[in-house]
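Everything on this sheet refers to the single structure shown next.
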Amino acid sequence: MKPIGAEAVCGSVAPGRARARQAVLFAPGDLRLCGFSPPRPGPGELLLQVKCALSCGTDLKTYCRGHPMWRLPTPFGHEFAGVVVEIGEGVTQFKPGDELMAAPTAPCGACFHCRRGQENLCPQAMEKMVMGAYADFLLLPARVVACNAFRKPAALSFEEAALLEPLSCVIHAQALARPASAESVLIIGAGAFGLLHMLALRAAGVREVAVAGRGADRLQWAERLGADHVIDAAAGDPAAEVARLNDGFGPDLVIECTGQVAGWRDAFARVRRGGRVVFFGGCAAGTTLDIDTRRMHYDNLTLIAPFHFRPRDVRRAHRLLADGHLGAGRIINAHRPLADIAGVFEMLERGTVLKCAIVP
Ligand SMILES: [Zn+2]
Ligand SMILES: [Zn+2]
């Protein structure tokens, strides 16, 4: 499903269909709640009544400066969970009334990258991303229904279930980085992704997890959620604190979650000899990283830059959320009604909220 254009969603309501609301981003900084007529699901599709949608760093970036992949105006929001209200022809695994969680993309399963197990790079995955979760209703395309949608366990809250997409990204990165239980890991960046990485590492039984970041609020969250060490990147001598990790050898694995070149540079500089770096946070287009080739080779570094996720990562993320031990819902530290969606983004710009639950 291509994002539904705003002309379709802000137009008149089809007779016989309930009037519903959907947030549309018209231009950077211009997010409005519009009336729209929820579409009828076609073959393989289903219509979801959104129970919770989550704010995401990608949404904030798009709100501030637009996004190279998404044409404006666009319905907005891509992390969600809800209840099935209507199913299209051929949908057998879900029925109206089922509580459902899903990732907003699905690969084609047949292209060059899909055939090589790199479904995260499938062109279909990004081109046909589900947008419009900040709404009363959301249509899920057939590929997503068939591949990346799951029944939500009753014990899991809608807001925690809506973390499926960001957690899938985290699981993909960690599947490539393979943190071992005896290892010491440094996370650079104490935002929602940094903390999700930390919780997943904790769940995997990793021995030492340190979080380096900025902002007293965020560092406090990291500590409260279980970081062994919290390093203030803006005070003291953070490089010396990192060097003391892992019994003075420095971290075995560094996961960069700021999406800033300075963070990438730090990650490269701080990892121990023979260690691995995961560049998880994507930087702005056109930025470059100079690396010391001598260090790269003679310190035997492994650099990984994972993007997006594969269906197997979504399945693993679903299992982790479903079994309830992760406690990932703790990173959601604000709640707002859908009616206040424009205010949500003004609040996010101030930077104290990790993730906001938006409830219709
Ligand atoms: Zn997201
Ligand atoms: Zn494909």
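Nothing in this text is a laboratory measurement; each read-out follows from the coordinates by a stated rule. Computed from a predicted model, the values in this text were never measured in an experiment. Methodologically, a virtual Cβ is constructed for each residue, glycine included, from the backbone with ideal geometry; neighbour enumeration extends over all protein chains shown.
Annotations
- Contact order normalised by residue count of segment 57-120, Cα under 8 Å, 6+ apart, percent: 21
- In this label model, ASP237 and ARG40 are separated by 7.2 nm, measuring between points 7 Å along each Cα→Cβ vector.
- Among ILE341, ILE291, the order by Cβ neighbours within 10 angstrom, fewest to most, reads ILE291, ILE341.
- Rg(Cα) / (2.2 N^0.38 Å) computed for the chain, rounded to two decimals: 1.00
- Fully extending the segment from PHE249 to ALA175 would add 24.3 nm, taking 0.36 nm per residue of separation and subtracting the current Cα-Cα distance.
- Net charge dipole, the chain: roughly 680 debye, given to the nearest 20, about the Cα centre with Cβ charges of +1 for Lys and Arg and -1 for Asp and Glu.
- Structure-based [θ]222 nm, the chain - -39500 (n - 2.57) summed over DSSP H runs of at least 4, per residue, nearest 500: -8500 deg cm²/dmol
- From the largest down, segment 102-141 spans 38, 12, 11 angstrom on the principal axes of its Cα atoms.
- The relative contact order of the chain, computed from alpha carbon pairs under 8 Å that lie at least 6 residues apart in sequence, is 17 percent.
- Under 5 Å, built H, 5+ apart or other chain: amide partners of LEU303: VAL277
- Contour excess over end-to-end distance, with Cα ends at ASN333 and MET69 and 0.36 nm allotted per residue: 92.2 nm
- Seen against the Cα atoms of the chain and their longest principal axis, helix 311-323 is set at about 90 degrees.
- Residue-by-residue Karplus 3J(HN,Hα) for segment 354-359, coefficients 6.51, -1.76, 1.60, Hz, glycine and proline x: 6, 9, 10, 7, 10, 10
- Dipole of the chain, positive direction: furthest Cα of GLY88, ILE304, GLY226, with charges on the beta-carbon: GLY88
- A cut-off of 5 Å between modelled amide H atoms, ignoring neighbours fewer than 5 places along the same chain, links LYS51 with ALA81, GLY82, VAL83.
- Close Lys-Lys pairs in the chain, where close means Cα under 18 Å and separation is 8 or more or interchain: 6
- Length gained on full extension, ARG115 to ASP30: 26.6 nm, using 0.36 nm per residue less the C-alpha separation.
- Enclosed volume per residue, in Å³, of the convex hull spanned by Cα atoms of segment 168-304: 104
- Put simply, the Cα atoms of segment 248-301 extend 32, 20, 13 Å along their principal axes, the longest span coming first.
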